[in-house]
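Just so it is clear, none of the values below were taken in a lab; they were calculated from the coordinates. These numbers come from a predicted model, not from an experiment. Note: ideal-geometry Cβ built from the backbone for every residue, glycine included; neighbour counts use all protein chains shown.
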Amino acid sequence: MNTPSHSILNLAILDRGYLQGCTWPILFGSWLPDAAIFVFYGWAKVMGLPEQVIWNEAYYTPVWQSIFAIGNSIPLALCGVGLFLWAKSPSGIALSASALLHHLEDLPLHHEDAHQHFWPLSNYRFVSPVSYWDPDHHGAYGALAELSLVMVASFVLWRRVRSRWGRGILLLVNTVYVGGYWQFYT
Ligand SMILES: [Zn+2]
């Protein structure tokens, strides 16, 4: 999934009840698994690699794959949830639960770019038949599923978020998504 989708879904799911008000930890938790990918992209750009090489070659080198595995580890996120439950830290629980949710949201929507979600216990990758972007692997349906989930979650959040900034960002992300989908898949 795209990073903003994780943020919107996780806020809609987690920012209530016991974790209500843990908005920033939830946001950070939704970004954390993709953080290494942003660092990677920045590095690749500095190295002057063309887009094609970045996503088809450099992304798959063992060094970067090992780094991505850490951020996408379900066992690590589970340890975090356990640790912060024990420490009774709502912010910590929100952060690690949000990272865990990020992994679960990625699991059914990644094909060639499937993460090593079970690091360090196993190098196994669940290769989903559906990709959230790749047209060769039902990308049009995967992207539509992501778009639909984001729209439902945005509707839930819209009723909860009162600030002009919050609502503005929701509108912006949804507009970009609908425009992007229209351009690429129709
Ligand atoms: Zn991800």
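Could you tell me which helices of the chain pass both thresholds, a Cα extent of 30 Å or more along their own axis and a mean Kyte-Doolittle hydropathy of at least -1.0, with helices taken as whole DSSP H runs? Walk me through the intermediate numbers first.
Values: long enough: 23-46 (33 Å, 0.91); 139-160 (31 Å, 1.03); 164-185 (31 Å, 0.33).
Membrane-span-like by this rule: 23-46, 139-160, 164-185.
Suppose the Debye formula is applied to equal point scatterers at every Cα of the range 26-92; what is log10 I(q)/I(0) at q = 0.11, 0.12, 0.21, 0.27 Å⁻¹?
Rounded to two decimals, the profile gives -0.36, -0.42, -0.87, -1.17.
Taking the Cα centroid of the range 33-74 and of the range 126-184, what is the distance between the two, rounded to the nearest whole Å?
For the range 33-74 versus the range 126-184, the Cα centre distance is 23 Å.
Fewest to most neighbouring Cβ within 10 Å: what's the order for M47, M1? Kindly include the intermediate steps, with their values, before the conclusion.
Working: M47 10, M1 23.
Listed from fewest to most nearby Cβ atoms, that is M47, M1.
Based on other C-beta atoms within 10 Å, arrange Y141, Y60 from fewest to most. Walk me through the numbers before you get to the answer.
On the way: Y141 14, Y60 11.
Result, fewest neighbours first: Y60, Y141.
Can you pull the Kirkwood radius for the chain, inverse mean 1/r over Cα pairs, to one decimal in Å? Please report the intermediate quantities before stating the final value.
Working: mean 1/r = 0.0575 Å⁻¹.
The Cα-based Kirkwood calculation yields 17.4 Å.
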